[in-house]
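Following: one structure in structure tokens, then a few remarks.
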Amino acid sequence: MHYWRTNHGAEVNVLLCAGNRIVCALEIKSSRRIASESLTGLKSFLGDNPEVPAYVLGIRQKRRRLANGVTVMDWQDFIAEHLESEGGGHQTQSSRRPDQWNRRSRKKAESSRSAPGIATDDIVPSGA
């Protein structure tokens, strides 16, 4: 388990990984109302990683899909479906390893230094 943050402060709460692959990105919200404005970090992450499934987990949320492909759902449903399922995990996996993703993002950031919002992205182990 990792989190993602740029040097401009955009962040994603959790990246679930299997080995060196990013399995999915999770944004966790305590509010029952999930505002699009509160998902800027997830949108930034998906801009560089569109193949990674993304979820917003909240309290008493009905499953729905947002325009950007992000799935909003209740956190308990996510655990039941993806973490307690037979085989012990989410079945969709990104083909890119976190270390490859990190290098690609750095190159993009270095080539676009003057563009606002472009940053070197870091995947940080959650225990760090």
Could you tell me whether region 32-45 includes any residue that is surrounded by fewer than 16 Cβ atoms within 10 Å (Cβ to Cβ) and over 22 Å from residue 62 (Cβ atoms)? yes
Answer from 23, 12 - the residue that is within 13 Å of the chain's Cα centre (by Cα), in contact (Cβ under 8 Å) with a residue 60 or more places away in the chain and either surrounded by fewer than 16 Cβ atoms within 10 Å (Cβ to Cβ) or not in a loop (DSSP other than H, G, I, E, B) (or both): 23
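All of the numbers you see were taken from the coordinates with simple rules; none came from a lab. Small disclaimer: the values here were computed from a predicted structure and weren't measured. Every residue, glycine among them, receives a Cβ derived from its backbone with ideal geometry; neighbour counts consider all protein chains shown.
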